[in-house]
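A.B. asks: Okay, here's the structure, questions in a sec.
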Amino acid sequence: MRYGGLHISKELLLTTDVMNTLNGGISSPDIRMTREKDKYILSAKVPGVKPNRMQIEIKNNRLFLFHHISLRDDNLYDGIHSIPFHIGFVIIPFDVQITAIKAVYEEGELRVIMPFNEFSNGYYQRIQIENN
């Protein structure tokens, strides 16, 4: 295939979001969540986004990933403005210790570590029925 004088191989087209990227768009992030012995790990690869631009926020039982896109605006005092760009979100499982969630960036991948809480081994309680 030819695009603007460039020859692009079929294999490249099948493995990337070439048309979106060549036309000024962005590539899609790769987000996956795995369960390990004592924790969940959310892994995210976000092409073209530097780690210092990414942010993670928790609101209720949802973990949001986003980054800021800088915009130039000559009407602003410093000429630079940024807007948040949503990467994705996950619903935090009930067996995660929310206050112990941490994130690390290594080898081009953001890893959010979500350790288990006391509910990870199961929970059981027998409730007595009151008679009125």
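A.B. asks: Would you pull out the residues with amide H under 5 Å of residue 85's amide H, same chain only if 5 or more places away, H placed 1.01 Å from N?
C.D. replies: 67, 68, 69
A.B. asks: While we're looking at this one, here's another question. In the stretch 28-118, how does Rg compare with the Kirkwood Rh, expressed as the Rg/Rh ratio over alpha carbon atoms?
C.D. replies: Checking Rg against Rh, the ratio lands at 1.06.
A.B. asks: Sticking with this structure for a sec: Using the beta-carbon distance between residue 131 and residue 97 and R0 = 35 Å, what value does 1/(1 + (r/R0)^6) give for FRET efficiency, to the nearest 0.05?
C.D. replies: It comes to 0.40.
A.B. asks: Then there's this: Lys and Arg at +1, Asp and Glu at -1: add these up for the other residues within a Cβ distance under 10 Å of residue 44 and post the number.
C.D. replies: In short, +1.
A.B. asks: Among 46, 96, 104, what is the fewest-to-most ranking by other Cβ atoms within 10 Å?
C.D. replies: If I rank by nearby Cβ atoms, fewest first, I get 104, 96, 46.
Quick note: the coordinates plus some simple rules give every number you see, no bench work behind them. Remember, it's a predicted structure, so these values are computed and weren't measured experimentally. Cβ: placed from backbone, ideal geometry, glycine included. Neighbour counts: every protein chain shown.
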